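The values are calculated or read from the model by the stated rules, or taken from the named source; none is laboratory data. Note that this is a predicted model, so its numbers are computed, not measured. With ideal geometry, Cβ positions are generated from the backbone for all residues, glycine too; neighbour counts draw on all protein chains shown.
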């Protein structure tokens, strides 16, 4: 397959860009932040997303969705990255849909996927527990209890956790910390007894939550996929999420870069545009090259995911590792080249720096994914 | 799509039957590359067989038109041939500057007569070409070149000196930049001309490099007589041809790190340094350097693939090969720094059977030219800044 967007994909990009740049420029995020908005995103915009078919983009057609793939989801994520629009798209439409579509029973799919497509159900994936993303280190315990399980433990960095109507929770039902075997995914009602959600205000003004599980009872029907064999399902879902976040970082990097190059052409010192100075020209050129190479790696990963999630691991690790380092470089150079103005809250550039830091940690940072690659290659 | 899948399976089958096992092993020395030319020698029977079969199929240059000895394949088909060759580790049957540099320029700027004269001899490996670009005082500032071609009836008389002429001492013909109008501004008085290296007045002198090898020469022209019909493109507009050719040269150099590497870096390092109980390389810093390198290497491979696809879709920027050249060469230098570190003191041996004549340190030193030849990294970044990013100034 050619590593360029098809005509249909380009049209999708144009329509996503039109909507997002019009309705949710960076000022939209700024307004939510300054108003200390309780939801942290616009429900009205989410309805528009549903009407345009974005919320159910990955949902199979028989469950009311568009039945598109990871490349298309990446296209939407990239546009989200350009304006830093806070949206349930990642948690609900990418992560939860992938988990349900890949691991769910027919009944589970029929119950949840149509509601996600029509925008009436929001979901969140609860994975991380420690300071770093280490899914194999999952400790949250699922103890057998009657016909079901009791969940006890803590989750952190749950994207959109405070607004979710449905949680998908990774828990250890057997084995020891570090084992692949013994992980199980559960569908959990956030209103269940013993479950406490704390919205965490994050550096990037996007949504996340800490969730405490104190003997939360779930029945056998709540298991998503197979008991004790949830890791492969989880890994597939995470890889789809990683591809999506990498796309967001490509959009973010390109936007920061575009704004920075514009500034280099406008800002004058010593009687000329600062973009005439070779010291800055070469750094701008290096960043451009870095972004272009990362864009190719990310598209490669998204196509690999669409060709078969189980074989896409290496391409995804490359994409997420690259996207992390590229975005980090882009925002650092962006702030530096904006000089003092880059340090002000008035300029948007700082918002990009904050979001890049969060995206770097989300589902494994560059070090995590380089390490995954090395392990995969046996060194 | 169905046609392409058929083409892929036919290609796979044909390669499977026709590529000798020896030609599927990673190349270990310069002698494993077949360059063609009047004095070409095959280093093995397998190399001869492989070359001749590919030549007869038109696949020494699969995407050139059949009438010039190419395979007449379109972009998708040529990509499939590359992929299927890579899948079995097949070596290039023929490597030449005729294929990677002159050919594309002739296809775009050459007359029909010039194409018919030169392209079939390139695809058949009969003529080996060298590139007469740099001069002692025209390196990064190539357009300031001084080699002059003075009109004399139907001929030019060429005088001057080139430098860093790769393999000039083995080449049969040269494509050369000469100044045909000394009064014009420096970019405007240059012509692109072809001539036989056995012409009277041409001499070459190899330059000994830090690797101990002499892949480059000084090349001298003393009243060399060349017919005016050998000019490619318009007289005094040779800079256009030169730049177009450079795009192809840079694309080629950016891919130099990809070929015939053999075992993955992590394993090479583990053989030499050892691993801990969990199988992790016993040098945590080097391990992370290798991992970062491999991330970037895979990303560059994707970008190279995308560059071809973008060109096919008519969406590429003509200066993008400068971006790829910059990144590819810097990455190849990183590869060899890692290989030297992984090899430790074993990689310091310069002359011994054990070290294959110091192959690794010599290759390491050779890579240092990657970011100089074909335009330095700094020149590449300048081109990207000005032509792609449209930044102001000089």
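Of the residues A:328, A:314, A:344, A:294, which single one is in contact with a helix residue (DSSP H, G or I) (Cβ under 7 Å, 6 or more places away or on another chain) and more than 9 Å from every other protein chain (Cβ to nearest Cβ)?
Residue meeting the stated conditions: A:328.
Tell me which of these residue B:381 doesn't satisfy, since it passes every other one: (1) buried (at least 19 other Cβ atoms within 10 Å of the Cβ); (2) modelled with pLDDT of 95 or more; (3) more than 10 Å from chain A (Cβ to nearest Cβ); (4) in a helix (DSSP H, G or I).
Status for residue B:381: all satisfied but (3).
Here are some residues: A:141, A:62. Which one is under 30 Å from residue A:177 (Cα atoms) and either assigned by TED's automatic domain parsing to the domain that holds residue A:237 or surrounded by fewer than 17 Cβ atoms within 10 Å (Cβ to Cβ) (or both)?
Exactly one of A:141, A:62 is under 30 Å from residue A:177 (Cα atoms) and either assigned by TED's automatic domain parsing to the domain that holds residue A:237 or surrounded by fewer than 17 Cβ atoms within 10 Å (Cβ to Cβ) (or both), namely A:141.
In this structure, is residue A:198 in a strand (DSSP E or B) and surrounded by fewer than 16 Cβ atoms within 10 Å (Cβ to Cβ)?
yes
If residue B:321 meets every condition in (1) at the interface with another protein chain (Cβ under 9 Å from one of its Cβ atoms); (2) modelled with pLDDT of 90 or more apart from one, which number is that one?
Unmet condition: (1).
It is to be established whether one or more residues within the range B:304-317 are more than 8 Å from chain A (Cβ to nearest Cβ), touching a helix residue (DSSP H, G or I) at 6+ places or on another chain (Cβ under 6 Å), assigned to a loop (DSSP other than H, G, I, E, B) and over 24 Å from residue A:291 (Cα atoms).
For the range B:304-317, residues more than 8 Å from chain A (Cβ to nearest Cβ), touching a helix residue (DSSP H, G or I) at 6+ places or on another chain (Cβ under 6 Å), assigned to a loop (DSSP other than H, G, I, E, B) and over 24 Å from residue A:291 (Cα atoms): absent.
Looking at residue A:33, is it surrounded by 13 or more Cβ atoms within 10 Å (Cβ to Cβ), farther than 23 Å from residue A:292 by Cα and in contact (Cβ under 8 Å) with a residue 40 or more places away in the chain?
Yes; evaluated as a whole, the condition is true for this residue.
Which of the residues spanning the range B:352-368 are modelled with pLDDT of 95 or more and either part of a loop (DSSP other than H, G, I, E, B) or within 14 Å of another protein chain (Cβ to nearest Cβ) (or both)?
Passing the criteria: only B:368.
Let me spell it out: the conditions are (1) modelled with pLDDT under 95; (2) surrounded by fewer than 19 Cβ atoms within 10 Å (Cβ to Cβ), and residue B:66 meets all of them except one. Which number is the exception?
(1)
Given the options B:219, B:204, name the one that is in contact with a strand residue (DSSP E or B) (Cβ under 8 Å, 6 or more places away or on another chain) and crowded, with 23+ Cβ neighbours inside 10 Å.
Within the list B:219, B:204, the selection yields B:219.
Is it true that residue B:329 is touching a residue at least 40 places away in the same chain (Cβ under 8 Å), within 14 Å of chain A (Cβ to nearest Cβ) and crowded, with 21+ Cβ neighbours inside 10 Å?
yes
Please note which helices (runs of 4 or more DSSP H) are completely contained in the range B:32-144 and include at least 2 residues that are within 21 Å of residue B:13 (Cβ to Cβ).
Correct list: B:45-57, B:75-87.
Let's see how each residue does on (1) touching a helix residue (DSSP H, G or I) at 6+ places or on another chain (Cβ under 7 Å); (2) buried (at least 16 other Cβ atoms within 10 Å of the Cβ); (3) at negative phi; (4) at pLDDT below 95:
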position: B:20; (1), (2), (3), (4): yes, yes, yes, no
position: B:31; (1), (2), (3), (4): no, no, yes, yes
position: B:37; (1), (2), (3), (4): yes, yes, no, no
position: B:45; (1), (2), (3), (4): no, no, yes, no
position: B:75; (1), (2), (3), (4): yes, no, yes, yes
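Taking the condition within 13 Å of residue B:367 (Cα to Cα) and modelled with pLDDT of 95 or more, does residue B:330 pass?
Yes.
Select, from B:183, B:149, B:86, B:124, the only residue that is more than 15 Å from the chain's Cα centre (by Cα) and modelled with pLDDT under 95.
Result: B:86 is the single residue among B:183, B:149, B:86, B:124 that is more than 15 Å from the chain's Cα centre (by Cα) and modelled with pLDDT under 95.
Per-residue answers, yes or no, for (1) touching a strand residue (DSSP E or B) at 6+ places or on another chain (Cβ under 7 Å); (2) more than 30 Å from residue A:342 (Cβ to Cβ):
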residue: A:194; (1), (2): yes, yes
residue: A:203; (1), (2): no, no
residue: A:212; (1), (2): yes, yes
residue: A:222; (1), (2): yes, yes
residue: A:238; (1), (2): no, yes
residue: A:242; (1), (2): no, no
residue: A:263; (1), (2): no, no
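Being within 30 Å of residue B:361 (Cα to Cα), modelled with pLDDT of 95 or more and under 27 Å from the mean Cα position of the chain (by Cα), is that true of even one residue in the range B:154-163?
Checking the range B:154-163: at least one residue is within 30 Å of residue B:361 (Cα to Cα), modelled with pLDDT of 95 or more and under 27 Å from the mean Cα position of the chain (by Cα).
Within the group A:58, A:90, which residue is touching a residue at least 12 places away in the same chain (Cβ under 8 Å), more than 14 Å from chain B (Cβ to nearest Cβ), outside any loop (DSSP other than H, G, I, E, B) and under 22 Å from residue A:243 (Cβ atoms)?
Going through A:58, A:90 in turn, just one is touching a residue at least 12 places away in the same chain (Cβ under 8 Å), more than 14 Å from chain B (Cβ to nearest Cβ), outside any loop (DSSP other than H, G, I, E, B) and under 22 Å from residue A:243 (Cβ atoms): A:90.
Name the pairs: first residue in the range A:257-281 and in contact (Cβ under 8 Å) with a residue 60 or more places away in the chain and facing chain B (nearest Cβ under 8 Å), second residue surrounded by 11 or more Cβ atoms within 10 Å (Cβ to Cβ) and assigned to a helix (DSSP H, G or I), Cβ to Cβ under 7 Å, at least 6 apart or on different chains?
Close Cβ pairs (under 7 Å, with a partner that is surrounded by 11 or more Cβ atoms within 10 Å (Cβ to Cβ) and assigned to a helix (DSSP H, G or I)) amount to A:264/A:274; A:264/A:275; A:264/A:280; A:264/A:284; A:264/A:337.
Being over 16 Å from the mean Cα position of the chain (by Cα) and over 16 Å from residue A:165 (Cα atoms) is the filter; apply it to the range A:111-133 and report the residue that is surrounded by the most Cβ atoms within 10 Å (Cβ to Cβ).
My answer is A:129.
Kindly provide the set of residues from the range B:369-389 that are touching a helix residue (DSSP H, G or I) at 6+ places or on another chain (Cβ under 8 Å) and either without any contact (Cβ under 8 Å) to a residue 12 or more places away in the chain or within 12 Å of residue A:276 (Cβ to Cβ) (or both), ordered by number.
Answer for the range B:369-389, where residues must be touching a helix residue (DSSP H, G or I) at 6+ places or on another chain (Cβ under 8 Å) and either without any contact (Cβ under 8 Å) to a residue 12 or more places away in the chain or within 12 Å of residue A:276 (Cβ to Cβ) (or both): B:382, B:385, B:386, B:389.
Criterion first (within 10 Å of chain A (Cβ to nearest Cβ) and out of contact with any helix residue (DSSP H, G or I) (no Cβ under 8 Å at 6 or more places or on another chain)) does residue B:267 satisfy it?
yes
Kindly indicate which of B:238, B:189, B:233 is buried (at least 19 other Cβ atoms within 10 Å of the Cβ), more than 25 Å from the chain's Cα centre (by Cα), at pLDDT 95 or above and farther than 13 Å from residue B:158 by Cα.
Sole residue among the options that is buried (at least 19 other Cβ atoms within 10 Å of the Cβ), more than 25 Å from the chain's Cα centre (by Cα), at pLDDT 95 or above and farther than 13 Å from residue B:158 by Cα: B:189.
Look at the range A:363-379 and say how many of its residues are in a loop (DSSP other than H, G, I, E, B) and either within 14 Å of chain B (Cβ to nearest Cβ) or surrounded by fewer than 23 Cβ atoms within 10 Å (Cβ to Cβ) (or both).
Total satisfying the criteria: 5.
Only residues that are in contact with a strand residue (DSSP E or B) (Cβ under 7 Å, 6 or more places away or on another chain) and facing another protein chain (nearest Cβ under 7 Å): list them for the range B:276-299, please.
Result: B:281, B:287.
Determine if the range A:67-74 includes at least one residue that is farther than 23 Å from residue A:315 by Cα, over 18 Å from the mean Cα position of the chain (by Cα) and at pLDDT 95 or above.
No, the conditions are met nowhere in the range A:67-74.
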